[in-house]
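Taking it in order: structure first as structure tokens, then the write-up.
The values are calculated or read from the model by the stated rules, or taken from the named source; none is laboratory data. Quick caveat: nothing in here was measured; it's all calculated off a predicted structure. When we count neighbours, we look across all protein chains shown, and the Cβ atoms used for this are built from the backbone with ideal geometry, even at glycine. We work out accessible area using only protein heavy atoms, side chains counted, and drop any ligands, DNA or RNA first. Shrake-Rupley method; radii C 1.70, N 1.55, O 1.52, S 1.80 Å.
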Amino acid sequence: MAALEARVQMLEDQLAVQRLLNQWGPAVDTGASAAAAALWTEDGVLESEISYLDGPGAVAAMVESEGQQSLIRQGCAHIQAFPLITVEGDRATATGYSRVYLHQEDGSYAVWRVSANRWEFARTGSGWRATNRTNHVIDGGPEARDLLRGGLS
Amino acid sequence: MAALEARVQMLEDQLAVQRLLNQWGPAVDTGASAAAAALWTEDGVLESEISYLDGPGAVAAMVESEGQQSLIRQGCAHIQAFPLITVEGDRATATGYSRVYLHQEDGSYAVWRVSANRWEFARTGSGWRATNRTNHVIDGGPEARDLLRGGLS
Amino acid sequence: MAALEARVQMLEDQLAVQRLLNQWGPAVDTGASAAAAALWTEDGVLESEISYLDGPGAVAAMVESEGQQSLIRQGCAHIQAFPLITVEGDRATATGYSRVYLHQEDGSYAVWRVSANRWEFARTGSGWRATNRTNHVIDGGPEARDLLRGGLS
């Protein structure tokens, strides 16, 4: 019975991490800065080749920034692809792709960015939270490949 | 034991909703009008900025319409992104993105539409069925943002 | 108890198949030929309109080929959409879409290929492995539609 409960817990953890991850796009694409910030632990860090955000306050400020607001006014979709999730105890990782689509004046959409992502998560007293997201555009360089390779078991 | 069974049921419900959702694209992209219609309750409704479909019969007619058949002949892919799913008892919602890719004469693909979606589901005597899908293209206007924001807890 | 355990096993199987599938993109986009090969049974087959690969050795050779290495140097992302998964005993299928995005010299991304996929899997002594992947570009012809329709229950 305890063994079965542990298996159920493992399944629940994987779906909980998926749910957390799937809130990111809707939060940043709608300007929901508090919802975006709430996904992160206090010491959460987001790193990419163009930004470094340190903690929920920095996440909220990014969402409220003129740069992000300008994308929202244009029409943007930050879409995470279905990732490779690994849960180990109170830690988890998600490795996968993300894309940013931008609405164009003629009504079509451009694929603005396609990135490799490594997300890290921790189980906290109030559920799973993101502790780190490192992403890099897929541009033929080694950085994106290193991120994707890190998730392969 | 009953508590564990309820947890397993919750996991099964989430995967059942995912499975239902993942049949939509293959059904509409292959002209499988009966399969597309079968995903919906009798009072199911699909609303977007360009259409209003009321019930399985209207869904089947849309799939068989010259407009949809023309997209199928051109080569279309209606792809739902991995959504944020919430199950509460006999109801569920899925919030997320969808894209329509269209095959071009030169062999490349255009991203024709990127939309925000809110799906609603009900548990019926024959399993989960969709009761509502509201979607709107992401064009910088408030409609798509409202749909995405509605899924954030 | 045995019935509940069987339900948990079914959920685990579905997530295991998802995990296997989600390793394919990161493996082929990073040149991890051994990781890509390890996803397949000895008699695994990959078929598309442009290739036929027979067994893990052929998969590894494809990843190491000049064609694939050239895509990797350019910056490529082979992204599987969240598929329709069906598990029956020691066999499983996944039906869905895949896309290949390619980095362009101006920094944007082209959608190079959008394909229909049918994956087949078997439970082996060392976990789930892929036994077959058949895919075809979505070009308006019947082949891609047949693949997608095969997954509809």
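Run the dipole for the protein assembly as shown about the Cα centre, Lys and Arg Cβ at +1, Asp and Glu Cβ at -1, nothing else charged, and hand back the magnitude in debye, nearest 20.
Values: 36 positive and 57 negative charges, 106 e Å.
Approximately 500 debye in magnitude.
Under a model in which nothing but the beta-carbon of Lys, Arg (+1) and Asp, Glu (-1) is charged, region B:28-67 shows a dipole of about 120 debye around its Cα centre.
Placing pseudo-labels 7 Å out from each Cα toward the beta carbon at residue A:52 and residue C:49 gives an inter-label distance of 4.8 nm. Counting only protein heavy atoms, what percent of the accessible surface of region A:1-111 is carbon or sulfur at a 1.4 Å probe? That fraction is 52 percent. Residue-wise HN-Hα couplings along region A:66-71, as the Karplus relation 6.51 cos²θ - 1.76 cosθ + 1.60 with θ = phi - 60° gives them from phi, are 4, x, 6, 4, 5, 4 Hz; Gly and Pro carry x. The distance between label points at residue A:61 and residue C:61 comes to 5.6 nm (points 7 Å beyond Cα on the Cα→Cβ vector). Magnitude of the charge dipole for region B:20-153, about its Cα centre and with charges confined to Cβ atoms of Lys, Arg (+1) and Asp, Glu (-1), is about 380 debye.
Which whole-number value in Å² is the accessible area per residue of chain A, probe 1.4 Å? Let's see the in-between values first.
Working: 5910 Å² over 153 residues.
That works out to 39 Å² for each residue.
Along the axis of the charge dipole computed for region C:79-120 (Cβ charges of +1 for Lys and Arg, -1 for Asp and Glu, origin at the Cα centre), the listed residues C:89, C:107, C:79 are led at the positive end by C:89. Would you work out which of A:57, A:4, A:128 lies farthest towards the positive end of the dipole of region A:1-146, given +1 charges on the beta-carbon of Lys and Arg and -1 on that of Asp and Glu, about the Cα centre? The one lying farthest along the dipole's positive direction is A:4.
Remark: mean inter-chain Cβ contacts per residue of B:20-30 equal 6, using a 10 Å Cβ-Cβ cutoff to other protein chain atoms.
Each other copy holds its own label point for residue B:52; taking that point as 7 Å from Cα along Cα to Cβ, the gaps run 5.4, 5.4 nm, nearest first. Considering only B:78, B:103, B:136, the mean-square fluctuation computed in a Gaussian network model of chain B, springs between alpha carbons under 10 angstrom, is largest for B:103.
Between helix B:2-21 and chain B there is an angle of about 10 degrees, using the helix long axis and the longest principal axis of the Cα atoms.
Neighbouring Cβ atoms from other chains, within 10 Å of the Cβ of residues in A:142-150, number 4 on average. Coupling constants for region C:79-86 follow from the phi torsions by the Karplus curve (6.51 cos²θ - 1.76 cosθ + 1.60, θ = phi - 60°), and in residue order they are 10, 7, 6, 3, x, 8, 10, 10 Hz; glycine and proline get x. Scattering from the C-alpha atoms of the protein assembly as shown alone, worked out with Debye: what is log10 I(q)/I(0) at q = 0.05, 0.09, 0.13, 0.14 1/Å? Per q value, in the given order, log10 I(q)/I(0) is -0.16, -0.56, -1.29, -1.55.
Among chain B residues, the beta-carbon with the smallest distance to the axis carrying B onto C is reported, with distance in whole Å, as B:82, 2. Rounded, prolate or oblate for chain C? Axes are the square roots of the Cα gyration tensor eigenvalues, ordered a ≥ b ≥ c, and the cut-off for rounded is a/c under 1.5. Cα axes put chain C in the prolate bin. Peptides A:50-57, A:2-9, C:146-153 ranked from most to least packed by the mean count of surrounding Cβ atoms within 10 Å: C:146-153, A:50-57, A:2-9.
Residues of region C:62-89 whose accessible area, computed with a 1.4 Å probe over protein heavy atoms, drops by at least 50 Å² once all protein chains are present relative to their chain alone are C:79, C:82, C:84. Position residue B:105: other-copy label points at 2.5, 2.5 nm, ordered by increasing distance, label point 7 Å along Cα→C-beta.
Please report the relative contact order for region B:2-153, taking Cα pairs under 8 Å with a sequence separation of at least 6, and give it as a percent rounded to a whole number. Intermediate values should be presented prior to the final figure.
Working: 276 pairs, mean separation 31.0, N = 152.
Result for region B:2-153 is 20 percent.
Using all pairs of distinct alpha-carbon atoms, the Kirkwood hydrodynamic radius of region A:111-153 works out to 11.6 angstrom.
Bridges between two residues of region B:11-153, per DSSP, are antiparallel at a rate of about 90%. Placing a label point 7 Å from the Cα of residue B:4 along the Cα-to-Cβ direction, the distances to the matching points in the other copies come to 0.4, 0.4 nm, shortest first.
Overall size of region C:64-153 from C-alpha positions, given as principal axis extents largest first: 48, 34, 20 Å. How much net charge surrounds residue C:134 when only other residues with a Cβ under 12 Å from its Cβ are counted (Lys, Arg +1; Asp, Glu -1)? Taking every Cβ under 12 Å from that of residue C:134, the sum is -3. Phi angles across region B:43-50 convert, under the Karplus curve 6.51 cos²θ - 1.76 cosθ + 1.60 with θ = phi - 60°, into 3J(HN,Hα) values of 9, x, 9, 10, 10, 8, 5, 10 Hz, Gly and Pro given as x.
Surface burial for C against B, with a 1.4 Å probe and both sides summed, reaches about 2800 Å² of accessible area.
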